[in-house]
Structure formats: C-alpha cells, structure tokens
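What follows is a set of notes on a single structure, which appears directly below.
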Amino acid sequence: MPVLAKCGGTPLRSKKPLGWTVASERDREGLREVYDGSFWAPGGEKEKEFCEEFAAFSDVKHCFTVANGTVSIQLILRALGIGYGDEVIVPPYTFIASVSSLIYAGVTPVFADIDPETFQLSPAAAERAITPRTKAIMPVYVGGRPADLDAFVKLCEKYGLVLIGDAAQAVGAKYCGRGVAHYAKATSISCQNSKNLTCGEGGLILSDDDAFAESLSTILNGGVGKDGKTGAIGCDFGISAFQASVLSSQLEALPAQIEKRSGNAAYLDRRLGELDFVYTLANDPKITVNAYHLYMFGLKEEKLGGISLERFVSAVRAEGAPVSTGYKPVCTFPCVGSAYAEKCVGGKIYTHPFIPAAERVSAHEACWIYQSWLLGSKEDMDDIVNALVKVYENRKELIEGGEAK
Ligand SMILES: Cc1ncc(COP(=O)(O)O)c(C=O)c1O
C-alpha cells in the first residue's frame, strides 16, 4: 500500500488551506465612510492620511500612492530621468514585473546573479555587470528579505549610480533597524491582492529625497509643477479613496501580522534546520525585520536520489502542505528577448548571462511557503515540516511508483 498521497495514500493534512485576504471591521467601516462621502477620487484626505502614516512607518519622508507595483517602478525611473539608452542591473530571480517595468521605460535590464545563500541579488555579481551605460542598481527584496543594503549603498556611491529598491514584497522590512526605503533613492511597493499590505491592486513609492519627491509629484499631477506650469510628461496614476481607506485599515493590522510571521518563520528555521535534506537561508543580523511575503528554503538536490524538485514539491502539496517551487530566471522568458522588448529599449537584451546560482536554485532547490500560512498556528507549521519529512522518508515511492514515470 502506498503511503504518499501522491501515490494513492492518505494525505497528512485534511484541514483547509489558510486563505488571504483578511478583512476587518475597520476595513468595512472605512469603506462605508468613503461610500457615504462625496469624494471617491484619488488625492483626498484618506489618501493623505495614509501616506503620512505609511511614510512614518517606513522611516522616510515621502510616500505616493499609484496604480500598482509595476507602474511604480516606471514612474521612479521617469522621475529620475532614467530611460531609453540606459541600463539598470536587476536579479533574474524575481517576478517578471521587475523587468517588464524597465523595458516599458525603454531601459535595458542587465541581469546579475544571486547569492545562493540568500536568493537575493549578489553585490559582487552586480559590480561585475556595471557598464558605462549603467544608471542604477535595483535589488529586489525577494520574499520580503532585505538584500545586502550596506554593500549596495557602497557600490552605488563608488560608481555614481542610483539605488532603487523593488520592495514589492517587502512592506515593513527593516535593515539595521531602519525601513528598507531609507537606503535607496526610491523604493517601490506592490499592494496587489497577494501582498502583505493590500487593497486589491495598488502600488506605493517611498523616498527620503525632496528633489525626487518634487519631480514625482509633478509627474503624478498630470505634469503640472508647483509653479502651475506643465513641467513634465505626466499622467494621473492614482488610486481611489476606497483603496486608500483599505490600505489605512490594513496598515493597522500589519505590525501584529509581521510579528506573527516572524515567530512562525523562526520556528520553521529551527525545525527545518534539523532536517538533513533541507537548507535554510543564511542568517543576517543586519536584517532586523524580514517581511516574509514568502518563507524560502532549499532542498539539497544530492539527497533526493534523482527525484526532481518539481516532483518532490508536488508530493508535498498532495499531503496538504502549501509548499511551492519558486521563480524561473526571468532572463530566460521568451518575452524578455522578444523583438518587441528589443524595440522598446532600442537594442539587444542579453538573455544568457552567467547566472549559475539562479539557475541551480530555481531548477533544483528553492521552495516557498506563502505569507498567509505564516499567520497560522504552530500546528500548521508542524504540518508543513511533517509533510516534507513524510515525502522524504517515502521518496522511494516517487521513484518506484507511477509518479516516477
Ligand atoms: C518583485 C515584484 N516586483 C514587482 C511586482 C509588481 O507589482 P504589481 O503586481 O502590483 O504590479 C511584483 C508583484 O508581484 C513583485 O513581486
């Protein structure tokens, strides 16, 4: 009789998955207030209040709301004057929007490898990718984990480059006690439905730089600057008062959620750290808050006896545990090397960079657990660990059973 659910056995966990989004009475009250009021458009009091609160929460002076976390990167580039003919260094281990936003802006993405111990852009690889056309480095805080910000700040100073943070997944993350946005010229956050601070769809731009903030507000004001003149090519990319209201009430819940996720992540670190077929990501004491949009860890390929990452993880999922495989390197996506993308940037996009760590990690090792599960109980975390152990201990079934064929 097979033991693994994938091969016909009984799943380890039958409880329902933990869902997202989580709505509160405060969300409903806030939405009702907006509904009963007369101002539903972008730019109202609700939005202003939220931006002030969120900027303070993130340790910067300026916060802007925009349509989503893709447009936010395009707007950052536009406000910085980075565009056609310029290059920006990005990791390949990210969501496609980190790259499509550059291409939309006419910027050539240049891919640099990740650090296999953290799954984040490697500062050494980024340095090797700098060319005379490089204008900025954009680490992506994948999974909500801050990249090596001290190293990136130094690198940008050394070469006169701008540091942009793609913190789409890192709302609330802190490095050396300060919000990640403190370290970059401008930082982009996504408030899309799956994110840790959401209003269904939306984006935020954070900065401490007054000149950047003025340039961006002109763009967002239809191009009209403080002097009343059309000083920039602008457009209205704002969110409605309904979305701003949901962001405000969701922000109230965020600190307790961050604490809960961190507690469960520490527990997983400890339990997974005891398994000899798993590795956990390197500890970095400079990361004072990891936002844990994803809990990421790796399987040791050499321990799996030839079973692919895909197959192993699908067997864990069949047990009722929410583990998934992560990104494939974005540079390998046909759309990135397409004729359209090259037309946008006016030249070749190098889609075969030297990225052995990103290739190995994404094909053979990386596993993710989504943030909503980190809001669960210790028993939920135990179910995940036990499902991994069950599949590992019975992995022969995946080789000998129908699954192997
Ligand atoms: C790393 C990263 N960058 C950018 C984005 C784009 O954000 P949005 O979906 O709000 O456009 C996402 C969204 O998933 C993301 O994960």
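The values are calculated or read from the model by the stated rules, or taken from the named source; none is laboratory data. All figures in this text were calculated on a predicted structure; none of them were measured in a lab. Cβ placement follows ideal geometry from the backbone for every residue including glycine, while neighbour counts extend to all protein chains displayed.
Observations
- Any strands (runs of 3 or more DSSP E) falling wholly within region 48-150 and containing at least 3 residues that are in the same structural domain as Ile219 (by TED's automatic domain parsing) and away from the ligand (no atom under 16 Å from the Cβ): none
- Ile349 fulfils the conditions (1) assigned to a helix (DSSP H, G or I); (2) β-branched (Val, Ile, Thr); (3) over 26 Å from Asp382 (Cβ atoms) except for a single criterion, (1).
- Checking Tyr340 against (1) hydroxyl-bearing (Ser, Thr, Tyr); (2) without any contact (Cβ under 8 Å) to a residue 40 or more places away in the chain; (3) assigned to a loop (DSSP other than H, G, I, E, B), the condition it does not meet: (3)
- Among the candidates Leu204, Leu197, residue that is part of a strand (DSSP E or B), out of contact with any His (no Cβ under 8 Å at 6 or more places or on another chain) and either within 14 Å of the ligand (Cβ to nearest atom) or of a type in the set (Phe, Trp, Tyr) (or both): Leu204
- The one condition from (1) under 25 Å from Leu254 (Cα atoms); (2) surrounded by 13 or more Cβ atoms within 10 Å (Cβ to Cβ); (3) at pLDDT below 95 that Gly19 does not meet is (2).
- Every pair of residues 6+ apart whose Cβ atoms lie under 6 Å, when the first sits in region 72-98 and is more than 12 Å from Val110 (Cα to Cα) and in contact (Cβ under 8 Å) with a residue 40 or more places away in the chain while the second is surrounded by fewer than 24 Cβ atoms within 10 Å (Cβ to Cβ) and acidic (Asp, Glu): none
- Here Asp380 clears all of (1) assigned to a helix (DSSP H, G or I); (2) within 23 Å of the chain's Cα centre (by Cα); (3) not small (Gly, Ala, Ser) except the condition numbered (2).
- Selected residue (criterion: nearest to Thr134 (Cα to Cα)) from residues of region 154-194 that are surrounded by fewer than 24 Cβ atoms within 10 Å (Cβ to Cβ) and within 11 Å of the ligand (Cβ to nearest atom): Gln192
- Exactly one residue among Ile349, Ile369 is farther than 22 Å from Glu127 by Cα and either at pLDDT 95 or above or surrounded by 15 or more Cβ atoms within 10 Å (Cβ to Cβ) (or both), and that residue is Ile369.
- Wholly enclosed strands (runs of 3 or more DSSP E) of region 253-305 bearing at least 2 residues farther than 18 Å from Thr325 by Cα and away from the ligand (no atom under 16 Å from the Cβ): 287-289
- Of all the listed residues (Thr288, Thr325), the sole one being crowded, with 19+ Cβ neighbours inside 10 Å and hydroxyl-bearing (Ser, Thr, Tyr) is Thr325.
- Positions within region 109-140 being out of contact with any Pro (no Cβ under 6 Å at 6 or more places or on another chain), of a type in the set (Val, Ile, Thr) and crowded, with 24+ Cβ neighbours inside 10 Å, in sequence order: Ile137
- Residue count for region 22-42, restricted to those that are buried (at least 17 other Cβ atoms within 10 Å of the Cβ) and out of contact with any Lys or Arg (no Cβ under 9 Å at 6 or more places or on another chain): 3.
- Pairing residues of region 195-223 that are surrounded by fewer than 18 Cβ atoms within 10 Å (Cβ to Cβ) with residues that are among the polar types (S, T, N, Q) and not in a strand (DSSP E or B), at Cβ distances under 9 Å and at least 6 apart in sequence or on separate chains, gives Gly200/Thr21; Gly200/Gln192; Gly200/Asn193; Gly200/Gln243; Glu201/Asn68; Glu201/Gln192; Glu201/Asn193; Glu201/Gln243.
Here is a yes/no grid of residues against (1) closer than 30 Å to Ile103 by Cα; (2) touching a Phe, Trp or Tyr at 6+ places or on another chain (Cβ under 6 Å):
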{"residue": "Cys335", "(1), (2)": "yes, no"}
{"residue": "Ala341", "(1), (2)": "yes, no"}
{"residue": "Ile349", "(1), (2)": "yes, no"}
{"residue": "Pro353", "(1), (2)": "yes, yes"}
{"residue": "Glu365", "(1), (2)": "yes, no"}
{"residue": "Ser372", "(1), (2)": "no, yes"}
{"residue": "Ile384", "(1), (2)": "no, no"}
{"residue": "Asn394", "(1), (2)": "no, no"}
